[in-house]
């Protein structure tokens with residue numbers, strides 16, 4: 001299976017999408033249909049999320065193995081270190097290597113809801129940079145390692161400058177590329193890239209895109225992850241929130257314009273958060 005770093009070396013732009021492991025049989029069926037449609041489009045890879053505290057570890061790995069085998073499409077396996085000991089991390093990574101997984105998104109992760117006050121001990125990693133360094137030390141160049149980036153700054157970062165410093169640590173520890181959190185104001189992304197370049201980061205910084213298909217859901221989603229919704233988004237979607245068709249059409253138009261501006265400004269591709277649905281990402285990609 002290809003490493004993403006090899007794909008990046010050959011392509012100045014990549015297109016990718018993200019899914020999450022379904023929790024029900026109905027969800028699995030819906031995801032299977034979505035994957036059937038999405039994998040027919042010119043995507044370069046797919047990323048698969050990892051539940052809080054590793055709660056979806058087995059289903060994430062199973063989904064990654066299945067995607068790579070059935071569609072011959074590189075899968076980016078999200079991997080968090082919260083709750084995992086170093087020995088457990090080593091065991092999981094050995095399993096992934098044996099399963100021909102070549103791409104990881106190394107994350108600190110959030111504690112699970114049933115253990116929100118969890119604190120790392122001597123056998124745990126405190127930060128994603130420590131996880132990245134561990135992977136690189138023990139597995140060399142087997143894995144291409146991605147790290148998370150936050151155009152608005154991580155919620156726990158004291159300042160944008162400190163956030164950039166933390167990102168630099170992750171890259172210096174062995175990270176190969178950056179995947180950003182969603183945003184709706186492209187100025188945030190371009191400012192973020194400039195800030196990181198000034199700090200010495202030369203890695204590829206791939207913007208994350210979430211198409212708006214439901215106004216209320218978008219508001220709640222952003223509250224949960226710390227992303228902001230600019231006033232222009234409220235102005236567009238609040239008046240039509242009760243009309244699903246108008247919201248979908250407006251969401252597609254907004255995403256297409258956002259993506260065109262990003263690509264014109266030099267973004268090295270686009271990463272779509274699909275919420276396990278083929279639409280509207282399929283329509284957006286076809287328009288682009």
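The values are calculated or read from the model by the stated rules, or taken from the named source; none is laboratory data. Remember, predicted model here, so these are calculated numbers, not experimental data. Backbone-built Cβ (ideal geometry, glycine too); neighbour counts: all protein chains shown.
Which of the residues that make up region 3-40 are over 18 Å from residue 146 (Cα atoms) and within 19 Å of the chain's Cα centre (by Cα)?
So the first thing to find is which residues in region 3-40 are over 18 Å from residue 146 (Cα atoms), and the list is 21-40.
Those that are over 18 Å from residue 146 (Cα atoms) and within 19 Å of the chain's Cα centre (by Cα): 21, 22, 31, 34, 35, 38, 39.
Based on what the data block shows, is residue 228 modelled with pLDDT of 95 or more and assigned to a loop (DSSP other than H, G, I, E, B)?
Values: modelled with pLDDT of 95 or more: no; assigned to a loop (DSSP other than H, G, I, E, B): yes.
For residue 228, the condition - modelled with pLDDT of 95 or more and assigned to a loop (DSSP other than H, G, I, E, B) - is not met.
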**Request:** Look through region 78-92, keep the residues that are under 20 Å from the mean Cα position of the chain (by Cα) and in a loop (DSSP other than H, G, I, E, B), and return whichever of them is surrounded by the fewest Cβ atoms within 10 Å (Cβ to Cβ).
**Result:** 82
**Request:** Could you please give the count of residues in region 231-255 that are farther than 24 Å from residue 76 by Cβ, in a helix (DSSP H, G or I) and touching a helix residue (DSSP H, G or I) at 6+ places or on another chain (Cβ under 8 Å)?
**Result:** 11
**Asked** Could you list, in sequence order, the residues of region 13-38 that are touching a strand residue (DSSP E or B) at 6+ places or on another chain (Cβ under 8 Å), over 15 Å from residue 62 (Cα atoms) and not in a strand (DSSP E or B)?
**Response** 13, 34, 38
**Asked** Given the structure, is residue 229 touching a residue at least 40 places away in the same chain (Cβ under 8 Å), under 25 Å from residue 5 (Cα atoms) and crowded, with 18+ Cβ neighbours inside 10 Å?
**Response** no
**Prompt:** When you scan region 263-288, how many residues do you find that are surrounded by fewer than 15 Cβ atoms within 10 Å (Cβ to Cβ), in contact with a helix residue (DSSP H, G or I) (Cβ under 7 Å, 6 or more places away or on another chain) and more than 11 Å from residue 209 (Cβ to Cβ)?
**Reply:** 2
**Request:** Answer yes if at least one residue in region 66-77 is more than 28 Å from residue 205 (Cβ to Cβ) and in a strand (DSSP E or B), and no otherwise.
**Result:** no
**Complete:** Checked 192, 139 against criteria (at pLDDT 95 or above and more than 29 Å from residue 83 (Cβ to Cβ)); the one match is 192
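Answer yes if at least one residue in region 93-102 is crowded, with 17+ Cβ neighbours inside 10 Å, part of a loop (DSSP other than H, G, I, E, B) and without any contact (Cβ under 8 Å) to a residue 40 or more places away in the chain, and no otherwise.
If we filter region 93-102 for residues that are crowded, with 17+ Cβ neighbours inside 10 Å, which is where we start, we get 93, 96, 101-102.
Next, from what is left, pick out any that are part of a loop (DSSP other than H, G, I, E, B): 101-102.
Okay, now just the ones that are also without any contact (Cβ under 8 Å) to a residue 40 or more places away in the chain, so none.
No: region 93-102 contains no residue that is crowded, with 17+ Cβ neighbours inside 10 Å, part of a loop (DSSP other than H, G, I, E, B) and without any contact (Cβ under 8 Å) to a residue 40 or more places away in the chain.
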